[in-house]
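Beneath this line is the structure, given in structure tokens, with notes to follow.
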Amino acid sequence: MHKKYLALALVAAGATVASCRKDDVTAAVEYPAYAEAGSPRVLATAPNGTLLYNGGFGSSIAPDPNDPTVFYLLTDRGPNAAGVAANSIVFGKADFTPQIGKFRMKDGQLTLEQTILLQNAAGQPLTGLPNPAGQGSTGETALGLNGQLLGTSADGIDSEGLVLAPDGTFWVSDEYGPHIAHFDATGKQLERINPFGSGQGGRTLPLVLARRRPNRGMEGLCLTPDGKTLVGLMQSPLYNPSSAAVAGSTVLRVVTFDLASGATKQYAYLLDNPSLTGCSEVAAISNTTFLALERDGLYGGNSTSPATFKKVYKFDLAGATDISDASNTAAGKLYGGLTVEQLKDQAGLTAAGVVPVTKTPVLDLLGSAIAPVYPHDKAEGLALIGNDRLAISNDDDFGVVDNGANGFAPKVLPATGKVDVNRIYFVKLPTPLR
């Protein structure tokens, strides 16, 4: 085992014991129904006067194991809207740096105590600009607020999954490459892992993951309780071999990455139905069991087009088929000449002899557990606190949405009539998960 990861494993072992001792402390905390990060500062102003806020935290959540009132929240690449030209994207703040916010909860409020800017190995701030061709490109043309071309960045990251490691460092997964990047406690990059071998450190992910649907890459990331394995969850079925070929598919990929050896495994996860936006997050229960957050893209409480699906499932890798491709080909392992995504559903997987992960329902966010209504469209962060409490964060999109005319409009929640802000919802489950 590499000395670096042997040390990490030893720290993790100590953290596992410590976390057991902290259960009583966590149980003593009075968790509100939700805590809100109110009054975010203004990040930028669009030409039409719309305010863009910073805000933007909630793409992922990581509780502090040493303080049950502290939570780390992650932004994505920054406020953006569709441009007029095909595949163009307007960035509300071209030099926005994806970041981790350290928030403290008190009296139902979340206070931002520290901002950790993500940086490359040289300490230069990262941006959310798209990657170049061959290095994780989404095919997007990035534009500034005034229509100027912004170009690409090999270091660009659309951060979506967050892990706070026992040694105080962070692991982040993204929607571009997909990349998994390792950052120290100050936000400086230590390693970047992707399918192309273009990242810092030289370790790679399976080549097939490069066929992720644009902007639906590795949306969720977690670390097993033993500290040995990263587990990533792709948001949507890969375009493998193409978008048309996988129409109606519900097959996602779960990817495990052994920190010591760099070895990977892959498993099939079946979405509830193909109309969903996909899986937004994964959280560890044990070394083989996990939580996944599946959702649609609609607002709760909207009477004209209300959300119908935002659920948390427990899934188990035990007994599932490892669908890894030993040859690491671009299409991955084939079954009767078809990719796993082309098998599309349970019947297709069964016919090919592939056993997906088993999953069971845990929580319906649109049910009575969150009252009077879950108002957001994007439930994206998920964490298990202790044995029986879930923490769920929302992506507020920096308080703006695409106005359909090459610009921005305020993101007003239909259920509240107010601009969306970051919240963490706390739900105590009737049955402990561990």
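Show me 389-401, 103-115, 259-271 ranked by packing, highest mean number of other Cβ atoms within 10 Å first.
Going from most to least packed, we get 389-401, 259-271, 103-115.
Subtract the Cα-Cα distance of Asn403 and Gln148 from 0.36 nm times their separation in residues, and report this length gain in nm to one decimal.
Net length gain for the segment: 89.9 nm.
Counting Lys and Arg as +1 and Asp and Glu as -1, what is the net charge of the other residues whose Cβ lies under 12 Å from the Cβ of Pro274?
Net of charged neighbours comes to -4.
Between Thr186 and Ala351, what's the calculated FRET efficiency when r is the beta-carbon distance and R0 is 35 Å? Round to 0.05.
The formula returns an efficiency of 0.10 here.
When the Cα centres of the range 156-214 and the range 296-349 are compared, how far apart do they sit, in Å?
Value for the Cα centre distance between the two parts: 21 Å.
Could you work out the equivalent-ellipsoid semi-axes for the range 56-180, taking the square root of 5 times each eigenvalue of the Cα gyration tensor, largest first, in whole Å?
They are 29, 16, 11 Å, listed largest first.
How are the C-alpha pair distances of the range 34-82 spread across 10 Å bins, as whole percents from the shortest bin up?
21, 45, 25, 9, 1
Taking every pair of distinct Cα atoms and averaging 1/r, then inverting, what Kirkwood hydrodynamic radius in Å comes out for the chain?
It is 21.7 Å.
How far apart, in nm, are the 7 Å Cα→Cβ label points at Ala245 and Ser39?
Each label point lies 7 Å from its Cα, and together they span 5.5 nm.
Calculate the dipole size of the chain relative to its Cα centre from +1 charges on Lys and Arg beta carbons and -1 charges on Asp and Glu beta carbons; express the result in debye to the nearest 20.
For this selection, approximately 360 debye.
Within the range 380-400, which residues have the backbone N less than 14 Å from the label spot 7 Å out from Asn66 along Cα→beta-carbon, could you tell me?
Nothing falls inside the zone, counting backbone N under 14 Å.
In deg cm²/dmol and to the nearest 500, what is the mean residue ellipticity at 222 nm of the chain if only DSSP H runs of at least 4 residues count, each as -39500 (n - 2.57), divided by the residue total?
My calculation for the chain gives -2000 deg cm²/dmol from helical runs alone.
Please compute the net charge surrounding Lys428, taking Lys and Arg as +1 and Asp and Glu as -1 over other residues with Cβ under 9 Å from its Cβ.
Value of the local net charge: 0.
Between the range 259-288 and the range 365-434, what's the alpha-carbon centroid distance in Å?
So the two Cα centres are separated by 21 Å.
For the pairs Lys378/Lys418; Lys310/Lys344; Lys311/Lys428; Lys228/Lys359; Lys102/Lys265; Lys314/Lys344, note any where the Cα-Cα span goes beyond 25 Å.
Beyond 25 Å between Cα atoms: Lys102/Lys265.
What does the charge add up to near Thr308, with Lys and Arg as +1, Asp and Glu as -1, over the other residues with Cβ less than 14 Å from its Cβ?
It works out to a net charge of -2.
Coordinate-derived values only; no laboratory data. What you are looking at is a predicted structure, and each value in this text was computed from that prediction instead of being measured. When we count neighbours, we look across all protein chains shown, and the Cβ atoms used for this are built from the backbone with ideal geometry, even at glycine.
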